[in-house]
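The block underneath contains the structure these notes are about, expressed in structure tokens.
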Amino acid sequence: MTLKIEMLRGFVAVARTGNLTDAAVVLKRTPSAVSMMLKQFEKHLGEPLFETDRKNKLTALGEFVFEQSQLELQHFDNTVRAIENFADASMGHVRIATVPSVAGTIIPRVFSRNTKAYEKVRVELRDMDSKSVLHELSRGRIDIGIATLRGNGSGLHSQLLLTDWFGVLLTPDHPLARDTGPIDWDALENEQLIANSLSESISGPEAEKLHAGSRFSAHNITSILGMVRAGIGVTLLPEMAAISAGQSDLVFRPLADKTAKRQIHLIRKADSALSPAARRLENDILETVEDLVKEQRS
């Protein structure tokens, strides 16, 4: 006969209560069923576990089995609880990499509205450019990526998360800062552009001409903003990137060209299944962005 976990559970219940009747109530079984289980257990061991039929005093073997059974039951119950918690996404480890603008705006909002859901989930968040996000995803170092997709995205499952339109970032005393409407490419023809990795993704002859004449290029957002503040020139950034940079002392004006945009995708490897916790985070990100878009439209 193979010992089963319920046999240990039944024995521990009898040892703790000191009689079959109360143990049966704890186990939600009949006293006769509990008695039969104990007999099978003792037969398997070849020695009695209780000194008398009253079940109120353990033998030396019973004391040892009682101690070991409690340890085993605690371990078993903890294991079952951990498995169930992992399955319902209340436990786990999720690795996510995202472009900085989303890391500074969307992700904090996701967790602030779902704080309790992630109390026992370890979340590893890294912000990096889109190329690095895709690299980390291809190496299996992250579970979820949020980035701009370039190319066909082979081997990836992607879902459009949001569209972010470009605008011009400049100092408040700049002549172009006096108006509030969109800026045409013609208005930037004689401006000194501080190029960056995001602005270089804008396609079209006007953008290419502007970048070709640029003498300055920066890739760190702190450097870009510092150069704009110093009056060296203007720069082009997606609106969300400008907002996340916290540039309250600068002016952001949208470009009139609505083709000047970046599309940010929620990405994961197509051949890898997400853990329940990662799947929950993915859904929460989508719901948060959906609600944010509704707020902006209302």
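Do you know which residues across region 49-89 are modelled with pLDDT of 90 or more, buried (at least 17 other Cβ atoms within 10 Å of the Cβ) and not in a helix (DSSP H, G or I)? Scanning region 49-89 gives L49, F50, L58.
Within region 145-199, restricting attention to residues that are under 36 Å from the mean Cα position of the chain (by Cα) and of a type in the set (F, W, Y), the residue that is nearest to A218 (Cα to Cα) is F166. The one condition from (1) buried (at least 17 other Cβ atoms within 10 Å of the Cβ); (2) in the same structural domain as I96 (by TED's automatic domain parsing) that N283 does not meet is (1).
The requirement of being more than 30 Å from S217 (Cβ to Cβ) and not in a helix (DSSP H, G or I) is satisfied by A273. Take the conditions at pLDDT 90 or above and more than 24 Å from R280 (Cβ to Cβ) and apply them to L176. Does it pass? The answer is yes for L176.
I'd like to know if region 8-25 contains one or more residues that are outside any helix (DSSP H, G or I) and crowded, with 19+ Cβ neighbours inside 10 Å. No, region 8-25 has no match at all. Here S138, S132 are screened, and the one residue that is surrounded by fewer than 18 Cβ atoms within 10 Å (Cβ to Cβ), within 30 Å of L237 (Cβ to Cβ) and modelled with pLDDT under 90 is S138.
Residue by residue through region 149-198, note down the ones that are touching a Phe, Trp or Tyr at 6+ places or on another chain (Cβ under 9 Å), in contact (Cβ under 8 Å) with a residue 60 or more places away in the chain and within 23 Å of Q263 (Cβ to Cβ). Answer for region 149-198, where residues must be touching a Phe, Trp or Tyr at 6+ places or on another chain (Cβ under 9 Å), in contact (Cβ under 8 Å) with a residue 60 or more places away in the chain and within 23 Å of Q263 (Cβ to Cβ): G167, V168, L169, L198.
One line per residue, one yes/no per condition, for (1) out of contact with any helix residue (DSSP H, G or I) (no Cβ under 8 Å at 6 or more places or on another chain); (2) within 28 Å of R178 (Cα to Cα):
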site: G231; (1), (2): yes, yes
site: P238; (1), (2): no, yes
site: K261; (1), (2): yes, yes
site: H265; (1), (2): yes, no
site: S275; (1), (2): no, no
site: E287; (1), (2): yes, no
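The values are calculated or read from the model by the stated rules, or taken from the named source; none is laboratory data. This structure is a prediction, so every number in the text was calculated from the model and none was measured. As a convention, Cβ positions derive from the backbone with ideal geometry for all residues, glycine included, and neighbour counts pool all protein chains shown.
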